[in-house]
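J.: One structure is given below, represented as C-alpha cells, and several questions about it will come after.
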2 protein chains.
Amino acid sequence: MARTEIKIGGFGGQGVILSGYIVGRAASIFDKKYATMIQAFGPEARGSSCSAGIIVADEPVAYPYLTGPNLMVLMSQEAYTKFTPELVKGGTLITEEELVNPTNLRKDITHYSIPATRIAEELGKKMVLNIVMMGFTTAVTKVVKKEAMAEAVKMSVPKGTEELNLNAFERGYAYGIELLKKKPVAMN
Amino acid sequence: MARTEIKIGGFGGQGVILSGYIVGRAASIFDKKYATMIQAFGPEARGSSCSAGIIVADEPVAYPYLTGPNLMVLMSQEAYTKFTPELVKGGTLITEEELVNPTNLRKDITHYSIPATRIAEELGKKMVLNIVMMGFTTAVTKVVKKEAMAEAVKMSVPKGTEELNLNAFERGYAYGIELLKKKPVAMN
C-alpha cells in the first residue's frame with residue numbers, strides 16, 4: 001500500500017494548516033486516494049511554531065500519526081531545525097528561501113527552495129505565500145496532480161480570494177518547473 | 001481519563017480548521033492537557049463542506065479519531081444535517097444563527113446559537129465569524145479556560161489581526177455569558 005507522509009511547518013498565521021488541508025483534499029478529489037491531516041498538541045505547544053502531518057494513501061488511513069515523513073515543506077527556521085532530522089533518508093525537503101537558512105543541510109535528502117514571500121508580495125498579498133509554496137511543491141514532487149491541487153485551492157480559500165490564490169499557485173508551480181529544468185532531481 | 005470530543009463544521013474558507021487548531025492549542029497552553037486535531041479525507045471530500053475533529057484529554061491521545069463527539073460547533077446547514085446525528089446523547093450543539101436552521105432539533109441535546117456573522121460584520125470583518133463562535137463556545141461550555149483560548153487566538157491568527165480577532169472572541173464570549181443568564185443549562 002502506497003503511503004506518503006508529509007510534514008508542513010512554519011509560524012502560526014502563515015497558513016500551514018490550510019496548506020495541509022489543501023493537500024489532503026486534493027489527494028481525495030481526483031485520485032480517489034485517502035488522506036488524513038493531524039496535529040498533536042502537548043504541553044510544549046506554546047510558542048509560534050505550527051505544523052501539520054498529512055498522510056496520503058491508497059486506502060483509508062488507520063494510523064494517522066506520521067512515522068517516517070518523506071516530504072517536508074518548511075516556512076520557518078525553527079521548523080527547519082526541529083523537523084528535518086525526522087525526514088527519511090532520500091526524502092524531499094522544500095523550504096522558503098528567505099525564511100529558512102539551510103544550515104548543516106543533510107546530504108542524504110533532496111532540497112529545493114523558493115522565494116515564496118517575494119513572489120507573494122509581487123502578487124500584492126504576502127498572505128498567499130503558503131499557496132505559492134503549494135504550487136512549487138506540486139511542480140517538484142508528484143504527490144498530487146496539479147489539477148487536483150488547483151481545485152482544492154479554489155475550494156478551500158475564503159470566498160472572493162480564489163483568483164488571487166490560484167495566481168499564487170500558478171506562480172509557485174511555474175517557478176518549480178523552471179527550477180527542475182536547471183536542477184534535475186538528484187536523489188531517488 | 002477525561003476525554004472531550006469536539007467536531008467543528010462549516011464551509012471551506014470559514015475558518016473551521018483554524019478554529020479547531022485554536023481549541024487544540026488552548027487546551028495545551030494552560031491546562032497541561034493534550035489535544036489532537038484530525039481531518040480525514042476520502043473520495044467524498046469534494047464539495048464545500050469542511051470539518052475538524054478535536055480531542056482534548058488528560059493524557060496523550062493514542063486514537064485521534066472521534067468515536068462519540070460530545071460538543072459540536074456548526075456553521076453551515078450542510079454540516080448541521082450531516083453531523084448532528086453523531087452527537088452523543090446529552091451533548092452540546094452550538095450553531096450560527098443565520099447560517100443554520102435547526103430543523104428537527106434533537107430533544108436529547110442542549111442547543112445554543114449565536115448570530116456570529118452579524119457580530120463579525122459589526123466588527124467590520126465577516127471573516128472573524130469563526131472567532132466569534134469560539135468566544136461563544138468558551139462561554140457556554142467549560143472545555144478550555146477563557147485565558148487559554150484568548151492566548152491561543154492571539155498566537156494563531158495572522159500577524160496584525162490579533163486585536164480584531166481578540167475583539168471578536170470577547171464579543172462572542174460576552175454574548176454567551178448573557179445568554180446563559182437567560183437560558184440556564186438544561187442538560188447534564
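J.: Scanning for something among the aliphatic types (A, V, I, L, M), touching a strand residue (DSSP E or B) at 6+ places or on another chain (Cβ under 6 Å) and more than 18 Å from A:L18 (Cβ to Cβ), does the stretch B:34-47 turn up at least one residue?
T.: Yes, the stretch B:34-47 has at least one match.
J.: Oh, and also: Go through (1) in a helix (DSSP H, G or I); (2) modelled with pLDDT under 95; (3) within 17 Å of A:R25 (Cβ to Cβ) and name the single condition A:K181 misses.
T.: With respect to (1) in a helix (DSSP H, G or I); (2) modelled with pLDDT under 95; (3) within 17 Å of A:R25 (Cβ to Cβ), A:K181 is out only on (3).
J.: Moving on. Please count how many residues of the stretch A:109-121 are over 15 Å from A:G91 (Cα atoms) and in contact (Cβ under 8 Å) with a residue 12 or more places away in the chain.
T.: 7
J.: Tally the residues that are in contact (Cβ under 8 Å) with a residue 60 or more places away in the chain, in contact with a Phe, Trp or Tyr (Cβ under 7 Å, 6 or more places away or on another chain) and open to solvent by 40 Å² or more (accessible area, probe 1.4 Å), restricting the search to the stretch A:142-188.
T.: 3
J.: Follow-up. Looking for whichever is touching a residue at least 60 places away in the same chain (Cβ under 8 Å) and part of a helix (DSSP H, G or I) here; the options are B:K82, B:K7. Which one fits?
T.: Just one listed residue meets the conditions, B:K82.
J.: Can you tell me how many residues within the stretch A:121-141 are among the aliphatic types (A, V, I, L, M), surrounded by fewer than 24 Cβ atoms within 10 Å (Cβ to Cβ) and assigned to a helix (DSSP H, G or I)?
T.: Qualifying residue count for the region: 3.
J.: Are any residues in the stretch B:142-152 under 15 Å from the mean Cα position of the chain (by Cα) and at the interface with another protein chain (Cβ under 10 Å from one of its Cβ atoms), and if so, which ones?
T.: Let us first name the residues in the stretch B:142-152 that are under 15 Å from the mean Cα position of the chain (by Cα), namely B:142-146, B:148-150, B:152.
Within the stretch B:142-152, just B:A152 meets the criteria.
J.: Further, regarding this structure: Residue check, A:F41 against (1) within 11 Å of chain B (Cβ to nearest Cβ); (2) in contact with a Lys or Arg (Cβ under 8 Å, 6 or more places away or on another chain); (3) within 20 Å of A:A148 (Cα to Cα), all met but one. Which one?
T.: Of the numbered conditions (1) within 11 Å of chain B (Cβ to nearest Cβ); (2) in contact with a Lys or Arg (Cβ under 8 Å, 6 or more places away or on another chain); (3) within 20 Å of A:A148 (Cα to Cα), the odd one out for A:F41 is (3).
J.: So A:S28 ticks every box in (1) under 26 Å from A:E162 (Cα atoms); (2) open to solvent by 10 Å² or more (accessible area, probe 1.4 Å); (3) at pLDDT below 90 but one. Which box is left unticked?
T.: It fails just one condition, (2).
J.: Also: Out of everything in the stretch B:51-70 that is out of contact with any Leu (no Cβ under 8 Å at 6 or more places or on another chain) and outside any loop (DSSP other than H, G, I, E, B), what residue ends up being modelled with the lowest pLDDT?
T.: B:S51
J.: Here is a further query. What's the number of the condition B:T103 fails, among (1) at the interface with chain A (Cβ under 9 Å from one of its Cβ atoms); (2) free of Cβ contacts under 8 Å to residues at least 40 places away in the same chain?
T.: Going through the list (1) at the interface with chain A (Cβ under 9 Å from one of its Cβ atoms); (2) free of Cβ contacts under 8 Å to residues at least 40 places away in the same chain, B:T103 breaks only (1).
J.: Please work out which one of (1) among the hydroxyl-bearing types (S, T, Y); (2) within 14 Å of chain B (Cβ to nearest Cβ); (3) within 22 Å of A:I114 (Cα to Cα) is the condition A:Y65 fails and give its number.
T.: (3)
J.: Continuing with the same structure: Any idea which of B:L66, B:L74 is closer than 25 Å to A:M155 by Cβ, open to solvent by 10 Å² or more (accessible area, probe 1.4 Å) and within 16 Å of the chain's Cα centre (by Cα)? Walk me through how you get there before you give the answer.
T.: Values: B:L74 fails: open to solvent by 10 Å² or more (accessible area, probe 1.4 Å).
On inspection, the qualifying residue turns out to be B:L66.
J.: With respect to A:I29, determine if the residue is closer than 17 Å to A:V144 by Cα and more than 9 Å from chain B (Cβ to nearest Cβ). Steps first, please.
T.: Values: closer than 17 Å to A:V144 by Cα: yes; more than 9 Å from chain B (Cβ to nearest Cβ): no.
Considered against the rule, which asks whether it is closer than 17 Å to A:V144 by Cα and more than 9 Å from chain B (Cβ to nearest Cβ), A:I29 comes out as no.
J.: Scan the stretch A:85-114 for residues that are of a type outside the set (S, T, N, Q), within 16 Å of A:N70 (Cβ to Cβ) and part of a strand (DSSP E or B) and jot them down.
T.: Scanning the stretch A:85-114 gives A:L93, A:I94, A:H111, A:Y112.
J.: Of a type in the set (D, E, K, R), more than 13 Å from every other protein chain (Cβ to nearest Cβ), more than 14 Å from the chain's Cα centre (by Cα) and surrounded by fewer than 19 Cβ atoms within 10 Å (Cβ to Cβ) - does that describe any residue in the stretch A:3-23?
T.: Looking for residues that are of a type in the set (D, E, K, R), more than 13 Å from every other protein chain (Cβ to nearest Cβ), more than 14 Å from the chain's Cα centre (by Cα) and surrounded by fewer than 19 Cβ atoms within 10 Å (Cβ to Cβ), one finds at least one in the stretch A:3-23, hence yes.
J.: Test each condition in (1) in a loop (DSSP other than H, G, I, E, B); (2) of a type in the set (V, I, T); (3) in contact with an Asp or Glu (Cβ under 9 Å, 6 or more places away or on another chain); (4) surrounded by fewer than 23 Cβ atoms within 10 Å (Cβ to Cβ) for A:T117 and report the one that comes out false.
T.: (1)
The values are calculated or read from the model by the stated rules, or taken from the named source; none is laboratory data. In this text, all values refer to a predicted model and were calculated from it rather than measured experimentally. Every residue, glycine as well, gets a Cβ built from its backbone with ideal geometry; the counts of neighbours run over all protein chains shown. Just the protein is used for accessible areas: all its heavy atoms, side chains included, with ligands, DNA and RNA removed. Shrake-Rupley method; radii C 1.70, N 1.55, O 1.52, S 1.80 Å.
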